[in-house]
Amino acid sequence: MTRIVGRTPFPTALNAARRSAELTRLGDAPDVDVLVIGGGITGAGLALDAASRGLRTVLVERHDLASGTSRWSSKLVHGGLRYLASGQLGIAHESAAERHLLMTRLAPHLTRPLAQVLPLFAPGHMTQGALLGAGYGMGDVLRRFVGTPDAVLRSPGPIGVAETLRLAPAVRTDALRGALRGWDGQLIDDARLVVAVARTAAGYGASIFTRVEAVAATGDGALLRDTLTGEVLDVRARAVVNATGVWAGSLDPSVRLRPSRGTHLVVETERLGGSDVSLTVLVPGSRSRFVFTLPAQHGRTYIGLTDVPADGPIPDVPEATEDEIGMLLAVVGTALDVPLTRSDVVGTYAGLRPLLTSAHDDDETSDLSRRHAILESADGVLSVVGGKLTTYRRMAEDGIDDAVRRRILATARPSVTRGIPLVGAWPRARLGEIAAAPRLVRRFGAEAPYAAGLPDGLAAARGVTAQELEWGVSVEGALTIDDLLDRRTRLGLVEADRRESMDAAADAFARAGVDAL
C-alpha cells in the first residue's frame, strides 16, 4: 500500500513493529554510513537526502518526530519577503526556490496558497500602501524568477473596502481605505511535513527510531539507548550529524546559538468572522514586523508571532508569557472591529528558533540571519544549525554534501531530493480526483483513500475520525497517546480537545493491535 503511493523503493509505513525489527537489525550490524541525531525537520531532511543517495542511514530522536521547534512554527512556507526587506538576498532567493519546490513538486497536498490581507487605514494609507506594495512587488519578482506559476501563487495588488471585508469580515471599518493582498504558501501542519519527510526517508531505506537517545557521540559513532527498554547500542558511523536544533550545544559545546522565542495564540476562527485568509497587521513603530492570523485545522486560527530572546536553560516545551500574549492581542486588535480579549484565547504555543550567532553578535534576535551552517566539532561531529523550516531540503543537501566531502563517503551519489515527491504527493490541479473527503485529502494526499478505508471506531474532538487516529499508529509512527494528539492531529493544542479525545486515541491503539506506551 504505502510503497505504491509513496513512490519509494521500500514501504514507508512507520510503526512499533518496524521499529523493533530495525533496532534488532542495527544491533546485529551496527556499522552505518550516516547517523543523524534529531528528528525534527532538519534531521528528517538529512535522513532522506542521505538514504536517497544510497547510504545506510539511521536517524535517532529521543522523543517523537517533530517534538521540538519543528511543530511550533507558523505553518508557512515563506517566499523570503522579509529577507528581501533586510537585504538578505541570498536567503530570500533560497526561500522562494524551496517554497516553489514544496508547492509544485514535493508536497502539493500539504501546502496551499494563502492570501495575506493587510488593511490600510487613514491617515497614512497612501504612503504605507506604496511602501509595502513595493515590498510585495519585489517578492513577486522573486516568485516569478524561481518559476512559481500564477496558478500556484498569484501576483499581489490593492483591493477595495468591500473585498477587504469579504475576505476579512472582522476588520474595523472606520477609516478603512482598502488593503493590500499578497500571497504566500501555507502548510496544513508543520508536524505533518516532518512525518512525511521521515516516512519518505524510510521508503529509501533509512531506519527512523523515536525514543532512542544519543548518550554520547563522536565523529565516528555514538552510544545509543532505547528509552523504552533501556537497551544500549554502540553504533559505528562514517559520519555523525547533529540535527538537534536549539539543543545542538549539548552535543557540541562550541556551537553558538541565540534562541528566539516565537509565540502564537489559538482562537476560534468564528471569532474572526470565519476568515480563511491571513490578516496581516504591521507592528506599531516597525516597517517590517507584522502580527498575522493564520487559519488552521479544526476551526481554529493561530495568531503570531513574537520574536524575543530566550535566555537560560532550554525547555523541551517552551511556554508563552502573559506579556507576549498581551502584545499579540494588542497589535492584532488595532485592525479589528471588536478586539480580541484574553478570554478568546483557547490555547497558546511557543517555539525556539535556533538562530546562528557569534561572540560579536549583539543584534536583536529579529535582526539575526536565518542562514544555516555546517560546523565540525573537535571530535568530528558535524552540526547542521540555523536555517528555517522552508529551506530544510537545501539545508539537508548541504549537510550531506559536507559529510561526503569530510568523511570521504565515495559511494554516495549526488543529492536527488529536488525530484523526490514526499509520501502522498499528488499534482495540485488533480487533488480533486482523489476519492476521499477534502479534509482527508489535505492531510494525506494520495493516501487519503487508504486512511479512510480503515475500520470505524471512536471519533475524536473536532471531527477527527477514528481512521485518522489509527493511521497515525499504523503508518505514521505514533507510539503514545501524546504522539497522536500533540503531533499527528494537533488536538492537544487545546486542553478541552485533548480531554475529549483521550478515549478515541486509546481506541486507535487497540484497533491497531498495539499497546500505547
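Bear in mind these aren't lab numbers, they're just calculated from the coordinates by the rules spelled out. Values in this document were obtained by computation on a predicted structure and should not be read as measured data. Cβ sites come from the backbone with ideal geometry, for glycine too, and all protein chains shown count toward neighbours.
The figures follow:
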{"item": "Between the stretch 13-70 and the stretch 470-504, the alpha-carbon center distance in angstrom", "result": "22"}
{"item": "Peptide ranges 417-425, 53-61 listed from the most packed, as the mean C-beta count within 10 angstrom indicates", "result": "53-61, 417-425"}
{"item": "Cα→Cβ-extended label distance, 7 Å offset, between residue 405 and residue 429, nm", "result": "3.9"}
{"item": "FRET efficiency estimate (nearest 0.05) - Cβ-Cβ, residue 175 to residue 413, R0 45 angstrom", "result": "0.15"}
{"item": "On Cα atoms only, tilt of 125-145 relative to the major axis of the chain in degrees", "result": "30"}
{"item": "In nm, spacing of pseudo-spin labels at residue 231 and residue 499 (7 Å Cα→C-beta vector)", "result": "4.0"}
{"item": "Inter-site label distance for residue 250 and residue 327 at 7 Å from Cα along Cβ, in nm", "result": "2.7"}
{"item": "For the stretch 440-482, size of Cβ-based charge dipole, Lys and Arg +1, Asp and Glu -1, in debye", "result": "180"}
{"item": "Near-label residues of the stretch 114-149 by backbone N, under 20 Å of a point 7 Å along Cα→Cβ of residue 86", "result": "132-140, 142-143"}
{"item": "Residue-by-residue Karplus 3J(HN,Hα) for the stretch 492-509, coefficients 6.51, -1.76, 1.60, Hz, glycine and proline x", "result": "x, 5, 10, 4, 5, 5, 4, 4, 5, 9, 4, 5, 5, 5, 4, 5, 4, 5"}
{"item": "Order by protection proxy (mean Cβ within 10 Å, highest first), peptides 231-244, 281-294", "result": "231-244, 281-294"}
{"item": "The stretch 40-173, Rg to Rh (Cα coordinates; Rh as Kirkwood inverse mean 1/r)", "result": "1.06"}
{"item": "Farthest toward positive dipole pole in the stretch 1-151 [+1 Lys/Arg, -1 Asp/Glu at C-beta], among 37, 76, 51", "result": "76"}
{"item": "Gain in span if fully extended, residue 288 to residue 319, counting 0.36 nm per residue against the direct Cα distance", "result": "8.6 nm"}
{"item": "The chain, relative contact order in percent, only Cα pairs under 8 angstrom and at least six apart counted", "result": "21"}
{"item": "Burial order of peptide ranges 312-322, 506-516 (average beta-carbon count within 10 Å, highest first)", "result": "506-516, 312-322"}
{"item": "Read-out Kirkwood radius over Cα pairs in Å, derived from the coordinates shown; its label in (1) 23.4; (2) 28.9; (3) 25.0", "result": "(1)"}
{"item": "Helix axis angle, 392-407 relative to the chain longest principal axis, alpha carbon, degrees", "result": "30"}
